[in-house]
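Working notes for the structure below.
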Amino acid sequence: MKIKDKFVFNFTDEDRLINEINFNPYYQKIDSGADLYVRIDGKKYLNLASNNYLALSNDKRIIASMKDSLDKYGASMCGTPIACGNVDIYENAAVYISKFLSMEETIFYPSCYQANIAVFNTLAKVNDVIFVDRFAHSSLIEGIRSAGCKIKPFRHNDPKHLENLIKNSNSYENMFVVTESVFSTEGSIAPFDDIYELCLKYDAVPVVDDSHGIGVIGATGKGILEEKKITDYEGIYTASTGKALGISGGIVSSSHNTINFLRYNSSSLIFSTALPPVLIAGTIKAFEIIEAEGEKLVSRLSRNKKYLYEHLQSCGFDLNNSEASVCSVRTGSNENTFKVCKYLFEKDILTTPFIYPSVSKNKGIVRMIPRVDLDTDQLDHVINSFKAINIEHPELFEK
Amino acid sequence: MATIEKIKKIIFDNIDNKVNIEDHTNLRNDLEVDSFDVLMIMNGIEDEFAISLEENDFKEINTPLEIQKLLKDKYGVL
């Protein structure tokens, strides 16, 4: 076989569907930013697909700060943080974010995916055990698997099951308990206060990925620790800066000792080019905005989510039970899920389909992020579009 | 409770797809379990029978009866 023919993407169910319904929801070629409306092929679409919850990716204050940073530092440090990439702005940002989160120290990774892999790859050892929520994000799972230790998944958001598992696991050196704060396909929030209590009781290291929580939950947008009123958190905290914060990158916050251990031992940090300073500048500004306006932003975000969620529910649509700012309409099969996305697209609305294996078989959903800058007219357009699709194609929705 | 019934209960308790589980129910084809389901089932079996399974034990195993056979042949669970 020729080398160029070794990795041909075989026809899968998705391919067949895409051809059959003549619509590909993946890799849409967008020729604008992640604004409220995105442009695709010269047409405007209401953007409910992006994780730009707070509309910060186009915030003028952030862009100005990033432009200043570009002028000062250029495009990249062209070096790893340990060599020549550790500019002053990183240290300032780390101090600022640590204070924001009430944690001792913080470091930056090129993405939260890399951060999650680094945490387990670096800190967990073969003789350890990791308890992980059954629905945890792929990056956490990949990181956990890379550690080569015992993995014990616990039922989704079920601290009782977790405790049973912990009680039966006394032959391991270290125990880690891993969860996301907000599970982004459905919008459920982890009972992290209970999980954290178990960690303290059984001397396990808690690891929470707050990627969909930071800026979104907690009274002032400070994320899961604020939401669950956890103070003096002693575990490991990771988050993406590419969602509500509107930039790109990943952070790990923890104790001084843990962060210092990662700083000198995690290969995905040591051998990756440092995040460009321009991204750090944008991240600091985003944190400053949340610090100053978080309460107002979170309240508007919750209002939009509540409006969309309750109206769709009252129209008879079946939605995942979401506590965070995510609305996921249940569509069941892969085919139904793709078709609903297509019909919404024809009504100028961009959404995200989740099909197997991202969700269980025949548990497909169409996910929408009811971002902060949506107004009532736009939300009504979404609700009316669902209603119209349901009138024409009632078979596409779970009832 | 007989070993096979204990195995079926562990499977039932650890999957979302709440269907009736028979001796010959195929975990992958009938229940569509994923790798995390398998891990949860393996952990449940380890706790129930106080044994330590090897990662590869479940590679070729598909039904409660096959699990019972594995437990008997390799781990002496009667």
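The values are calculated or read from the model by the stated rules, or taken from the named source; none is laboratory data. All values derive from a computational prediction rather than experimental measurement. Neighbour counts are summed over all protein chains in view; Cβ atoms, including those assigned to glycine, are modelled from backbone coordinates with ideal geometry. Ligands, DNA and RNA are excluded from the accessible area calculation, which covers all protein heavy atoms including side chains. Shrake-Rupley method; radii C 1.70, N 1.55, O 1.52, S 1.80 Å.
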Determine whether A:Leu70 is surrounded by 13 or more Cβ atoms within 10 Å (Cβ to Cβ), in contact with a helix residue (DSSP H, G or I) (Cβ under 8 Å, 6 or more places away or on another chain) and under 27 Å from A:His212 (Cα atoms).
-> no
Scan the stretch B:23-41 and report the pairs whose first residue is facing another protein chain (nearest Cβ under 7 Å) and whose second residue is at pLDDT below 85, with Cβ atoms within less than 6 Å and a gap of 6+ or a chain change.
-> B:Glu32/A:Lys361
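Of everything in the stretch A:1-33, what is in contact with a strand residue (DSSP E or B) (Cβ under 7 Å, 6 or more places away or on another chain) and either assigned to a helix (DSSP H, G or I) or of a type in the set (Lys, Arg) (or both)? Give them in sequence order.
Result: A:Lys29, single match.
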May I ask you to list pairs of residues, at least six apart or on different chains, whose Cβ atoms are under 7 Å apart, with the first in the stretch B:54-71 being assigned to a helix (DSSP H, G or I) and the second being charged (D, E, K, R)?
-> B:Pro64/B:Lys8; B:Pro64/B:Asp23; B:Leu65/B:Asp23; B:Leu70/B:Asp57
Exactly one of A:Asn116, A:Asn127 is in contact (Cβ under 8 Å) with a residue 12 or more places away in the chain and over 17 Å from the mean Cα position of the chain (by Cα), and that one is A:Asn127
Given (1) closer than 29 Å to A:Val126 by Cα; (2) over 11 Å from the mean Cα position of the chain (by Cα); (3) not aliphatic (A, V, I, L, M), number of the condition B:Asn29 does not satisfy = (1)
Is it true that some residue in the stretch A:236-244 is in a helix (DSSP H, G or I) and over 13 Å from the mean Cα position of the chain (by Cα)?
-> no
Residue list for the stretch A:215-246, filter: farther than 22 Å from A:Ser188 by Cβ, touching a strand residue (DSSP E or B) at 6+ places or on another chain (Cβ under 9 Å) and surrounded by fewer than 24 Cβ atoms within 10 Å (Cβ to Cβ) | A:Glu234
Selection from the stretch A:314-356 of residues that are within 17 Å of A:Phe135 (Cβ to Cβ), among the hydrophobic types (A, V, I, L, M, F, W, C), more than 14 Å from chain B (Cβ to nearest Cβ) and in a loop (DSSP other than H, G, I, E, B) | A:Ala324, A:Val326
Selection within the stretch A:279-313 - open to solvent by 10 Å² or more (accessible area, probe 1.4 Å), of a type in the set (Val, Ile, Thr) and touching a Phe, Trp or Tyr at 6+ places or on another chain (Cβ under 7 Å) = A:Ile284
Has the stretch B:2-21 got any residue that is polar (S, T, N, Q) and either closer than 20 Å to A:Ile151 by Cα or within 14 Å of chain A (Cβ to nearest Cβ) (or both)?
-> yes
Filtering the stretch A:85-120 for residues that are within 13 Å of A:Pro277 (Cα to Cα), open to solvent by less than 10 Å² (accessible area, probe 1.4 Å) and in contact with a strand residue (DSSP E or B) (Cβ under 9 Å, 6 or more places away or on another chain) leaves a count of 2
Determine, yes or no, whether B:Glu48 is part of a loop (DSSP other than H, G, I, E, B), acidic (Asp, Glu) and either within 24 Å of A:Val359 (Cβ to Cβ) or within 11 Å of chain A (Cβ to nearest Cβ) (or both).
-> no
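Here is a check on your reading of the model: is A:Asn127 within 30 Å of B:Asp34 (Cα to Cα), within 14 Å of another protein chain (Cβ to nearest Cβ), open to solvent by 10 Å² or more (accessible area, probe 1.4 Å) and not aliphatic (A, V, I, L, M)?
Working: within 30 Å of B:Asp34 (Cα to Cα): yes; within 14 Å of another protein chain (Cβ to nearest Cβ): yes; open to solvent by 10 Å² or more (accessible area, probe 1.4 Å): yes; not aliphatic (A, V, I, L, M): yes.
The answer is yes for A:Asn127.
If only one of A:Arg155, A:Arg145 is open to solvent by 70 Å² or more (accessible area, probe 1.4 Å), touching a Lys or Arg at 6+ places or on another chain (Cβ under 7 Å) and within 10 Å of another protein chain (Cβ to nearest Cβ), which one is it?
Working: A:Arg145 fails: touching a Lys or Arg at 6+ places or on another chain (Cβ under 7 Å).
Going through A:Arg155, A:Arg145 in turn, the sole match is A:Arg155.
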Which residues, taken from the stretch A:383-399, are in a helix (DSSP H, G or I) and either open to solvent by less than 10 Å² (accessible area, probe 1.4 Å) or among the acidic types (Asp, Glu) (or both)?
-> A:Ile383, A:Ser385, A:Phe386, A:Ile389, A:Glu392, A:Glu395, A:Leu396
Would you call A:Tyr264 on the phi < 0 side of the Ramachandran plot, touching a Lys or Arg at 6+ places or on another chain (Cβ under 9 Å) and open to solvent by 10 Å² or more (accessible area, probe 1.4 Å)?
-> no
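Any residue in the stretch A:280-288 that is of a type in the set (S, T, N, Q), farther than 30 Å from A:Ile389 by Cβ and more than 14 Å from every other protein chain (Cβ to nearest Cβ)? Steps first, please.
Looking only at the stretch A:280-288, we keep the residues that are of a type in the set (S, T, N, Q), and these are A:283.
Cutting the leftovers down to farther than 30 Å from A:Ile389 by Cβ gives us A:283.
Cutting the leftovers down to more than 14 Å from every other protein chain (Cβ to nearest Cβ) gives us A:283.
Yes, there is a match, as at least one residue in the stretch A:280-288 is of a type in the set (S, T, N, Q), farther than 30 Å from A:Ile389 by Cβ and more than 14 Å from every other protein chain (Cβ to nearest Cβ).
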Working only within the stretch B:23-45, note down all residues that are surrounded by 13 or more Cβ atoms within 10 Å (Cβ to Cβ) and in a loop (DSSP other than H, G, I, E, B).
-> B:Asp23, B:Thr25, B:Asn26, B:Leu27, B:Arg28, B:Asp30, B:Leu31, B:Glu32, B:Val33, B:Asp34
From A:Asp348, A:Asp377, residue being more than 23 Å from A:Thr12 (Cβ to Cβ) and out of contact with any strand residue (DSSP E or B) (no Cβ under 7 Å at 6 or more places or on another chain) | A:Asp377
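Only one of A:Val359, A:Val372, A:Val366 is under 17 Å from the mean Cα position of the chain (by Cα), open to solvent by less than 40 Å² (accessible area, probe 1.4 Å) and within 14 Å of chain B (Cβ to nearest Cβ); which? Step through it out loud before you land on a result.
Working: A:Val372 fails: within 14 Å of chain B (Cβ to nearest Cβ); A:Val366 fails: within 14 Å of chain B (Cβ to nearest Cβ).
None of the others qualify; the one that does is A:Val359.
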